[in-house]
Each structure stands twice: as structure tokens, then as C-alpha cells.
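Below is one structure, written out as C-alpha cells; the observations come after it.
The values are calculated or read from the model by the stated rules, or taken from the named source; none is laboratory data. All values derive from a computational prediction rather than experimental measurement. Don't worry about glycine lacking a Cβ; one is built from the backbone with ideal geometry, like all the others, and counts go over all protein chains shown. Areas reflect the complete protein model, heavy atoms only, side chains present, ligands, DNA and RNA absent. Shrake-Rupley method; radii C 1.70, N 1.55, O 1.52, S 1.80 Å.
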Amino acid sequence: MKHDLTHEFFLGFIKIHILHHAAEQPVYGLWLIEELDRHGYKLSPGTLYPVLHSLEKENYLQCQQKVIDGKIRKYYRTTAKGQQMLGEAKARIKELIEEVMK
Ligand SMILES: [Zn+2]
């Protein structure tokens with residue numbers, strides 16, 4: 001994302017997207033970049049990877065390496081702690097929608 005302030009503003013939305021998709025299936029960086037692009041978020045690997053790493057460090061995501069065509073690819077899955085956070089985020093999103101979308 002070009003504008004730093006915009007990125008900061010929507011970083012929470014991006015994290016929720018990541019937790020949501022990684023809860024459904026293991027996801028990897030490039031897949032997430034394309035998926036987030038579909039939602040209107042333009043992220044470079046240099047922006048996405050630190051977000052993935054911080055979510056992993058905080059134990060919201062779990063990383064598993066797989067070898068695909070001779071290359072190591074990192075797959076991420078939402079942990080139990082991540083699921084709990086996602087549930088809380090959903091309740092807050094619902095509350096926010098009710099507040100701002102009247
Ligand atoms: Zn999505």
C-alpha cells in the first residue's frame with residue numbers, strides 16, 4: 001500500500017482477512033497477496049511478510065514449510081488463539097457495522 005497512513009488504518013482489516021482465510025485452509029504469501037488484491041488491498045511482499053511474521057510471533061498463526069517444485073513454501077494456519085481473536089473481531093465488526101452503516 002502506497003500511503004503509510006492508509007496502510008496503518010487498514011492493517012487491522014488485513015490481519016482479520018489473514019486470520020479468516022488461514023482458518024479455512026493453509027495459505028501462503030503470494031496467495032494472500034492475490035486474495036487481498038481482490039478485496040482492494042494492494043500489498044507488496046515487503047509489507048505482507050512482516051505482518052505474517054508478527055502474527056506468527058504472537059501465536060495467532062502457525063507456520064509449516066512445504067517443498068513445492070523444489071522450493072520451500074511457508075504455509076500459515078490460524079491457531080486456537082487466532083480463532084479466538086477472530087471470533088472477538090467478528091463480534092466487534094458486527095457492532096461497528098450496526099453503528100456506522102445506519
Ligand atoms: Zn478474502
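Shape of the chain from the C-alpha gyration tensor: oblate (a/c of 1.5 or more and a/b not above b/c, with a ≥ b ≥ c the square roots of its eigenvalues).
Solvent-accessible surface of the chain, averaged per residue with a 1.4 angstrom probe and all protein chains in place: 71 square angstrom. May I ask you to give the percent of accessible area on the stretch 4-100 that is carbon plus sulfur, with a probe radius of 1.4 Å? Answer for the stretch 4-100 is 54 percent, counting heavy atoms of protein chains only.
Report the local net charge at GLU98: Lys and Arg +1, Asp and Glu -1, summed over other residues whose C-beta lies under 15 Å from its C-beta. Before the final figure, lay out the partial values.
Numbers: positive: LYS90, ARG92, LYS94, LYS102; negative: GLU95, GLU99.
Computed value for this residue: +2.
When only Cα pairs below 8 angstrom with a gap of at least 6 residues are kept, the chain shows a relative contact order of 28 percent.
If you stretched the chain out fully between HIS7 and GLU95, how much longer would it get, using 0.36 nm times the residue separation minus the C-alpha to C-alpha distance? Could you put the intermediate results ahead of the total?
Details: separation 88, 0.36 × 88 = 31.68 nm, distance 2.27 nm.
Gain on extension, HIS7 to GLU95, equals 29.4 nm.
Projecting label points 7 angstrom from Cα along Cα→Cβ for TRP31 and LYS66 puts them 0.7 nm apart.
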